[in-house]
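The values are calculated or read from the model by the stated rules, or taken from the named source; none is laboratory data. None of the values given here were measured: they were computed from a predicted structure. When we count neighbours, we look across all protein chains shown, and the Cβ atoms used for this are built from the backbone with ideal geometry, even at glycine. We work out accessible area using only protein heavy atoms, side chains counted, and drop any ligands, DNA or RNA first. Shrake-Rupley method; radii C 1.70, N 1.55, O 1.52, S 1.80 Å.
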Amino acid sequence: MLEIAAIKRARGLAGYDAKREEEMLQSLTSSSSGPFGPADVKEIFKTIFRASLDLQNLERRKGMRVLRRDLVPESGFLVGDVPIGGPEPVLFVGPCSVETAEQIEAIAEFVARIPGPKILRAGAFKPRTNPYTFQGLREEGLRLLRHAADRHGLVVVTEVLDTATVDVVAEHADMLQIGARNMYNTELLKAVGRVGKPVLLKRAFMATLEELLLSAEYILAGGNDRVVLCERGIRTFERTTRFTLDIAAVPLLKQEVSLPVIVDLSHALGRKDIMLPCAKAALAVGANGLMIEIHDRPDQALSDGFQQFDLKEFAVFLDNLGHRAATVPEPALGGRNG
Ligand code: PEP
Ligand code: MN
């Protein structure tokens, strides 16, 4: 039965064939002369067919590349020169959006002085819920981000919103971010699978972990194994946080896959006051990194100002997290704040 399924798959045919099942049931019920009536025979064989389909699905799942344990070396894989998925967690920090040359410069300068592995994050193409709010500086934002990162020797991740801009984003970024709203965009997943840059794949608000893994499979199937999964909160009835941080997603994903898993605390929580215990929780359950939004002037930010730490707050946060505590940077005096 599994062999027949394999041949069908190789020919691009579905394992389940409704017409063929109906024909077989017809033939079985009409030729049955035993103690069971046609309805019983039909029920028995439908159960057998269902079991055989479940078996085929199980086999197909086992063949998924995303489940392979050998995708990521012990030391992790490289995003630019930053290893992720290895022994040390990576900080993904930066503003929600690139806003001005001065803003991204001030933040990049600060981020570069944070000890340990880190990646500068900032959006140039912004997927805003409200069309009348700031949509990002687009190509100009990419240029400003690249420039600031290069000046400070940083690696950058930024979001790609559609297939039309994959090339220009890939040209400027070290890592491409697929946002929560695009996790189901299969054409975009295929497109980033063809680009030779690592991908940060965020979980959609309503996605099951299985769906997140299937989205990752789209990217891997395109020939790109450098995918980082990101838990960023899911939508529930709870309103005290922006989304609901699904902390169990981290160990559950890590049980299934060898890909690195990070937690975006800023978008999950939408508030700063409980960021520290939640960061500790994320690291305790095995997250390979944390994403946190920071801004040199959060009160003037063009997006997500309420959830972004200012630089001083973030230095204190890192200190409290025990992040290589003695060497957490003070924000520069002068700079934009001077
Ligand atoms: C972001 O990280 O900039 C962002 C928009 O996040 P999300 O896609 O998780 O909402
Ligand atoms: Mn944001």
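Taking a ≥ b ≥ c as the square roots of the eigenvalues of the Cα gyration tensor, region 19-129 is prolate, since a/c reaches 1.5 or more and a/b is larger than b/c.
For region 65-152, the alpha-carbon coordinates run over 44, 31, 17 Å along the three principal axes, in decreasing order. Rounded to the nearest 0.05, the FRET efficiency derived from the C-beta distance between Glu88 and His152 at R0 = 22 Å is 0.65. For the chain, the longest principal axis of the C-alpha atoms and the axis of helix 38-62 are separated by about 40°. Only sites in a loop by DSSP and with at most 16 other Cβ atoms within 10 Å count here; which trypsin sites (Lys or Arg not before Pro) in region 116-198 make the cut? Hits after loop and neighbour filter: Arg128. Say the cut-off is 32 Å between C-alpha atoms; which of Lys8/Lys197; Lys118/Lys190; Lys62/Lys197; Lys8/Lys126 go over it? Result: Lys8/Lys197; Lys8/Lys126 exceed 32 Å.
Ignoring ligands, DNA and RNA, please state the percent of accessible area on the chain from carbon and sulfur, probe 1.4 Å.
Working: 8920 of 16050 Å².
Ligands and nucleic acids excluded, carbon and sulfur give 56 percent.
For the pair Glu102 and Leu55, label points projected 7 Å from Cα toward Cβ lie 7.1 nm apart.
Of His147, His295, His323, the residue with the greatest mean-square motion in the GNM of the chain, using alpha carbon springs below 10 Å, is His323. For the chain, the normalised intensity computed at q = 0.07, 0.11 Å⁻¹ comes to -0.36, -0.72 (log10 of I(q)/I(0), Debye sum over alpha carbons, equal scatterers, no solvent).
Can you pull out the trypsin sites (Lys or Arg not before Pro) in region 260-307 that DSSP calls coil and that have at most 16 other Cβ atoms within 10 Å? Don't skip to the end; give the middle numbers.
Values: sites: Arg271, Lys272, Lys280; in loops: Arg271, Lys272.
Counting only loop positions with at most 16 other Cβ atoms within 10 Å, the trypsin sites (Lys or Arg not before Pro) in region 260-307 are Arg271.
Stokes-Einstein D for region 125-279 at 20 °C, 1.002 mPa s, Kirkwood Rh over Cα pairs, in µm²/s? It would help to have the intermediate numbers written out before the result.
On the way: Rh = 16.2 Å.
Once the numbers are plugged in, D ends up at 132 µm²/s.
Scalar couplings 3J(HN,Hα) for region 21-32, obtained by applying the Karplus form with A = 6.51, B = -1.76, C = 1.60 to θ = phi - 60°, are 5, 4, 4, 5, 5, 4, 5, 5, 6, 6, 9, 6 Hz; x denotes Gly and Pro. Rounded, prolate or oblate: which fits region 1-66 when a ≥ b ≥ c are the square roots of the eigenvalues of the alpha-carbon gyration tensor, with rounded for a/c under 1.5 and prolate only if a/b beats b/c? Since a/c reaches 1.5 and a/b is larger than b/c, the shape of region 1-66 is classed as prolate. Against the longest alpha carbon principal axis of the chain, how many degrees, from 0 to 90 and to the nearest 10, is the axis of helix 101-112 turned? Taking Cα atoms only, the helix is inclined about 80 degrees. Springs between Cα atoms under 10 Å define the GNM used for the chain, and in it the highest mean-square fluctuation of Ile262, Ile44, Ile274 occurs at Ile44. Note that region 292-307 has calculated 3J(HN,Hα) couplings of 9, 8, 9, 8, 6, 9, x, 5, 10, 4, 7, 8, 6, x, 4, 9 Hz, one per residue in order, obtained from phi through the Karplus relation 6.51 cos²θ - 1.76 cosθ + 1.60 (θ = phi - 60°); glycine and proline are x.
Using the Cβ-Cβ distance between Arg113 and Ala221 with R0 set to 56 Å, the FRET efficiency works out to roughly 0.90. Residues whose amide H falls under 5 Å from that of Leu200, counting only those 5 or more places apart or on a different chain, are Leu176, Gln177, Ile178, Val228, with hydrogens built in the peptide plane. Report the paramagnetic label zone for Ile4: residues of region 20-43 whose backbone N is under 20 Å from a point 7 Å from Cα along the Cα-to-Cβ axis. Hits in region 20-43 for Ile4 at 20 Å: 20-32, 41-43.
Show me the GluC sites (Glu not before Pro) within region 32-100 that DSSP assigns to loop and that have at most 11 other Cβ atoms within 10 Å of their Cβ. Please list the in-between numbers first.
Details: sites: Glu43, Glu59, Glu74, Glu99; in loops: Glu74, Glu99.
Taking region 32-100 and a limit of 11 other Cβ atoms within 10 Å, the loop GluC sites (Glu not before Pro) found are Glu74.
The amide H of Phe92, built 1.01 Å from its N in the peptide plane, has Ile119, Leu290, Met291, Ile292 as neighbours under 5 Å, considering only residues 5 or more places off or on other chains. Give the distance, in whole Å, between the Cα centre of region 205-274 and the Cα centre of region 1-62. Here the two parts' Cα centres lie 36 Å apart. Give the angle, between 0 and 90 degrees and rounded to the nearest 10, that separates the Cα long axis of helix 138-151 from the longest principal axis of the Cα atoms of the chain. The angle comes out at about 60 degrees. Couplings 3J(HN,Hα) of region 222-228, computed from phi: x, x, 10, 8, 8, 10, 10 Hz, in residue order, whole Hz [Karplus 6.51 cos²θ - 1.76 cosθ + 1.60, θ = phi - 60°; x for Gly and Pro]. For the chain, what does -39500 (n - 2.57) per DSSP helix run (n ≥ 4), summed and divided by total residues, give at 222 nm, in deg cm²/dmol to the nearest 500? Theoretical 222 nm ellipticity from helices: -12500 deg cm²/dmol. By the compact-protein rule of thumb, 2.2 N^0.38 Å, the alpha-carbon radius of gyration of region 210-316 corresponds to a ratio of 1.16.
Tell me whether region 169-259 comes out rounded, prolate or oblate; compute the Cα gyration tensor, take square roots of the eigenvalues as a ≥ b ≥ c, and use a/c under 1.5 as the rounded threshold. The partial results should precede the final answer.
Values: a/c = 2.09, a/b = 1.64, b/c = 1.28.
It is prolate, given that a/c is not under 1.5 and a/b is the larger ratio.
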